[in-house]
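What follows is a short report on a single structure.
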């Protein structure tokens with residue numbers, strides 16, 4: 001065989017970090033050993049896998065084409081190694097989740113998964129839909145759980161579970177006596193919402209079609225808890241997933257506002273790279289998601 005698994009590890013780590021020194025650190029190698037391993041891989045096949053852009057090494061077209069195959073080969077090798085030891089073949093799972101899912105669903109799911117597979121190693125990254133999709137696309141994550149809609153030829157989006165956004169305010173807000181808010185009332189409010197690029201913002205913008213351009217959006221925040229605190233402080237009204245608000249509603253620190261004329265329904269999705277090898281661990285995680 002004209003390449004080694006170690007060479008593939010260096011190739012992939014360099015693709016991720018766009019820097020050989022950082023790739024070497026990640027693999028506990030010296031910089032010279034990592035650089036030599038990458039050079040040997042390219043020389044053995046007479047190819048170039050990276051273009052140098054300033055101080056960064058960016059995958060070229062051939063490198064991008066080979067990356068999924070290298071990822072899959074390494075994943076299968078790790079699974080084979082675990083099988084040789086007689087261990088349950090689950091291994092490491094790199095999971096990504098958007099904020100509402102990551103903060104209010106994913107931790108409980110990971111706890112259940114670890115209960116089923118005690119030897120598993122699950123790493124969780126929490127970010128907005130745009131970031132999670134990018135990391136799944138670049139093979140930095142095995143799977144993503146997202147709130148937003150996604151149309152990407154490299155990614156498979158599997159419908160997962162229904163969700164709905166809820167408009168809310170602080171106790172004592174003047175609108176609490178209204179059974180149904182009108183567009184005029186919505187336009188009179190100061191809004192505290194998620195940032196562009198988040199699935200929650202995508203759903204909010206769609207729900208407010210026709211009046212979105214005229215809404216008074218005074219704050220755009222990246223964290224759901226920050227939005228809830230700002231609304232509790234009386235700085236405006238907010239709109240988040242109902243799964244983020246149940247505890248606050250139960251204790252009375254926030255109260256729902258009814259807007260039946262606007263459609264805040266949406267669906268969560270599981271996203272995977274179409275060329276990602278579905279290891280036993282990934283397959284078991286997908287099964288748990290569908291049963292959760």
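All of the numbers you see were taken from the coordinates with simple rules; none came from a lab. These numbers come from a predicted model, not from an experiment. Cβ atoms come from the backbone with ideal geometry, glycine included; neighbour counts cover every protein chain shown.
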FRET efficiency, 1/(1 + (r/R0)^6) with R0 22 Å, evaluated for residue 233 and residue 179 via beta carbons:
0.30
At 222 nm, what value in deg cm²/dmol follows for the chain if DSSP H runs of at least 4 each add -39500 (n - 2.57) and the sum is divided by all its residues, to the nearest 500?
-13000 deg cm²/dmol
Label residue 74 and residue 22 with points 7 Å out from Cα along Cα→Cβ: what is the distance between them in nm?
1.5
Taking the 0 to 90 degree range and rounding to the nearest ten, how far is the long axis of helix 242-251 tilted relative to the main principal axis of the chain, both from C-alpha atoms?
50
Among (1) 1.16; (2) 1.21; (3) 1.06, the value of Cα Rg over 2.2 N^0.38 Å computed for this structure carries the label (2)
Report the extension gain between residue 138 and residue 65 in nm, rounded to one decimal, defined as 0.36 nm multiplied by the number of residues separating them, less their alpha carbon distance.
25.1 nm
Counting only DSSP beta bridges fully inside the chain, the antiparallel percentage to nearest 5 is 60
Going by average Cβ neighbours within 10 Å, how do the peptides 25-35, 195-205, 277-287, 96-106 rank, with the highest at the top?
96-106, 195-205, 277-287, 25-35
At what distance in nm do the modelled label points of residue 211 and residue 2 sit from each other, each positioned 7 Å from its Cα along Cα→Cβ?
6.6
Taking Cα centroids, how far is the range 150-204 from the range 32-95 in Å?
41
The helix 280-291 Cα axis meets the longest alpha-carbon principal axis of the chain at an angle in degrees, between 0 and 90 and rounded to 10, of 20
Using a simple spin-label model with points 7 Å from Cα along the Cα→Cβ vector, what separation in nm is obtained for residue 31 and residue 265?
5.7
For helix 61-84, report the angle its Cα long axis makes with the longest principal axis of the Cα atoms of the chain; keep it between 0 and 90° and round to the nearest 10°.
80
Can you tell me how the range 5-67 classifies by the Cα gyration tensor, rounded, prolate or oblate, using a/c under 1.5 as the rounded cut?
oblate
